[in-house]
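Take a look at the structure below.
The values are calculated or read from the model by the stated rules, or taken from the named source; none is laboratory data. Everything quoted here is computed from the prediction, not taken from an experiment. Here the Cβ positions follow ideal geometry from the backbone for every residue, glycine too, while neighbour counts run over all protein chains shown.
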Amino acid sequence: MNPVAALAGALSSGGYSAGWALVKGMPEPMARRAFDAAADLALLRGGKGVDRLRANLARTAPGQDLTREAMRSYGRYWCEAFRLPTMKPDRIIGSTHTVREQLLRDSVASDRGTILVLPHSGNWDAAGAWCGVTGVPFATVAERLKPESVYEQFVTFRQSLGMEVLALTGGDRPAYEVLTERLEAGGTICLLADRDLTPRGVDVEFFGATARMPAGPARLALETGANLMPTTLAFAGPRDWEITFHPYVEPSDLPAMTQGVARAFETAIVRNPADWHMLQKLWLDDLDPCDPRRSVA
């Protein structure tokens with residue numbers, strides 16, 4: 001198969017193993033060009049993910065057509081993710097620019113425990129690698145992918161970057177229990193937290209409509225006393241990344257704290273809408289009128 005077509009398939013159907021095999025050994029400029037072309041091809045082919053991305057962008061950046069830019073941003077994430085194990089620490093540190101990094105350092109030094117909550121934006125694996133090589137090891141949770149071999153590849157990859165990876169389901173112990181222990185010991189955890197369309201989620205106002213986000217980060221903060229810190233990511237130039245650490249969310253209750261996280265995410269997404277890679281339904285009014293999730297919160 002043509003490499004560009006193969007990469008387009010990886011972007012649109014989750015062909016992660018094929019992507020790794022194709023990209024890991026490529027020179028970086030060649031890999032980037034291939035992923036740009038693959039993103040353009042995936043956009044041309046269309047599909048549910050592309051249509052959903054376009055609809056989500058219409059909410060976050062009304063009046064702009066950023067779908068191509070966003071698909072290329074998403075492709076860049078995968079290109080860099082596949083290549084991260086080949087990147088030296090100096091490259092990761094030198095390419096990462098931070099905003100309000102002292103908030104992270106102060107929280108880690110306090111031994112209170114730190115909860116970094118992220119949206120699906122920029123390159124969260126590169127941000128995790130930066131944490132690891134700058135002295136902030138952390139635990140995170142990974143959803144089990146199918147087939148199992150793909151999940152195991154992702155776990156091995158993220159462990160190679162210095163992360164402790166807990167299975168969302170099917171682990172030796174419940175992930176929530178282990179995360180609680182890490183926080184109570186003064187450790188750091190990192191959670192993607194911009195979508196949870198289950199009855200366990202919390203309804204928030206997000207870009208003028210109701211979305212549902214995970215309750216877990218705020219609940220962990222309340223139960224352990226850890227700092228809850230929204231952390232947003234964006235691409236900053238052809239080879240660079242930006243990590244913004246937002247002020248800690250004040251302890252109160254689950255709805256108010258989750259809304260605080262949503263507000264921080266909004267601020268960041270407005271600045272870099274094409275770097276938010278949300279190819280799924282998020283707002284409740286996008287669900288089918290008969291979908292029970294519309295009314296369960």
| Any residue in the stretch 240-249 that is in a helix (DSSP H, G or I) and either farther than 21 Å from Trp124 by Cβ or among the polar types (S, T, N, Q) (or both)? | no
| Looking only at the stretch 87-127, which residues are surrounded by 20 or more Cβ atoms within 10 Å (Cβ to Cβ), in a loop (DSSP other than H, G, I, E, B) and among the small types (Gly, Ala, Ser)? | Gly113, Gly122
| task | Could you check Arg76 against (1) part of a strand (DSSP E or B); (2) within 28 Å of Arg212 (Cα to Cα) and say which number it fails? | result | (1)
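Evaluate the stretch 241-261: report whether one residue or more is within 20 Å of Thr210 (Cβ to Cβ) and touching a His at 6+ places or on another chain (Cβ under 8 Å). Spell out the reasoning first.
Restricting attention to the stretch 241-261, the residues satisfying the condition of being within 20 Å of Thr210 (Cβ to Cβ) are 249, 252-261.
This time we only want the ones that are touching a His at 6+ places or on another chain (Cβ under 8 Å), so: none.
Within the stretch 241-261, none of the residues are within 20 Å of Thr210 (Cβ to Cβ) and touching a His at 6+ places or on another chain (Cβ under 8 Å).
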| Residue count for the stretch 259-297, restricted to those that are assigned to a helix (DSSP H, G or I) and under 18 Å from Leu66 (Cα atoms) | 9
| request: Check Met213 against each of (1) crowded, with 21+ Cβ neighbours inside 10 Å; (2) touching a residue at least 60 places away in the same chain (Cβ under 8 Å) and name the one condition it does not meet. | output: (2)
| query | Would a scan of the stretch 130-141 turn up a residue that is touching a helix residue (DSSP H, G or I) at 6+ places or on another chain (Cβ under 6 Å), crowded, with 21+ Cβ neighbours inside 10 Å and at negative phi? | reply | yes
| Long-range neighbours under 9 Å by Cβ, at least six apart or interchain, first residue surrounded by 23 or more Cβ atoms within 10 Å (Cβ to Cβ) within the stretch 74-86, second among the basic types (Lys, Arg) and in a helix (DSSP H, G or I) | Gly75/Arg32; Cys79/Arg32; Glu80/Arg32
| So which residues in the stretch 256-269 are over 14 Å from His120 (Cα atoms) and either small (Gly, Ala, Ser) or touching a helix residue (DSSP H, G or I) at 6+ places or on another chain (Cβ under 7 Å) (or both), if there are any at all? | Ala256, Met257, Thr258, Gly260
| note | For Glu205, the lone unmet condition from (1) at pLDDT below 90; (2) under 15 Å from Ala256 (Cα atoms) is (1)
| request: Go through the stretch 89-112 and give me each residue that's within 22 Å of the chain's Cα centre (by Cα) and either within 21 Å of Arg158 (Cβ to Cβ) or among the β-branched types (Val, Ile, Thr) (or both). | output: Pro89, Arg91, Ile92, Ile93, Ser95, Thr96, Thr98, Val99, Leu104, Val108
| Pairs, first under 9 Å from Gln280 (Cα atoms) in the stretch 38-59, second surrounded by 16 or more Cβ atoms within 10 Å (Cβ to Cβ) and of a type in the set (Phe, Trp, Tyr), C-beta under 8 Å, six or more apart | Leu53/Tyr74; Asn56/Trp276
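Could you please let me know if Thr210 is more than 30 Å from Arg33 (Cα to Cα), modelled with pLDDT of 95 or more, hydroxyl-bearing (Ser, Thr, Tyr) and in contact with a helix residue (DSSP H, G or I) (Cβ under 6 Å, 6 or more places away or on another chain)? Quick ask: steps written out before the conclusion?
Values: more than 30 Å from Arg33 (Cα to Cα): yes; modelled with pLDDT of 95 or more: yes; hydroxyl-bearing (Ser, Thr, Tyr): yes; in contact with a helix residue (DSSP H, G or I) (Cβ under 6 Å, 6 or more places away or on another chain): yes.
Here the answer is yes, as Thr210 does meet what is asked.
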| note | Within the stretch 62-93, residues over 12 Å from Met278 (Cβ atoms) and of a type in the set (A, V, I, L, M) come out as Leu66, Met71, Ala81, Leu84, Met87, Ile92, Ile93
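Tell me which residues, restricted to the stretch 216-243, are among the hydroxyl-bearing types (Ser, Thr, Tyr) and buried (at least 23 other Cβ atoms within 10 Å of the Cβ).
Within the stretch 216-243, Thr231, Thr232 qualify.
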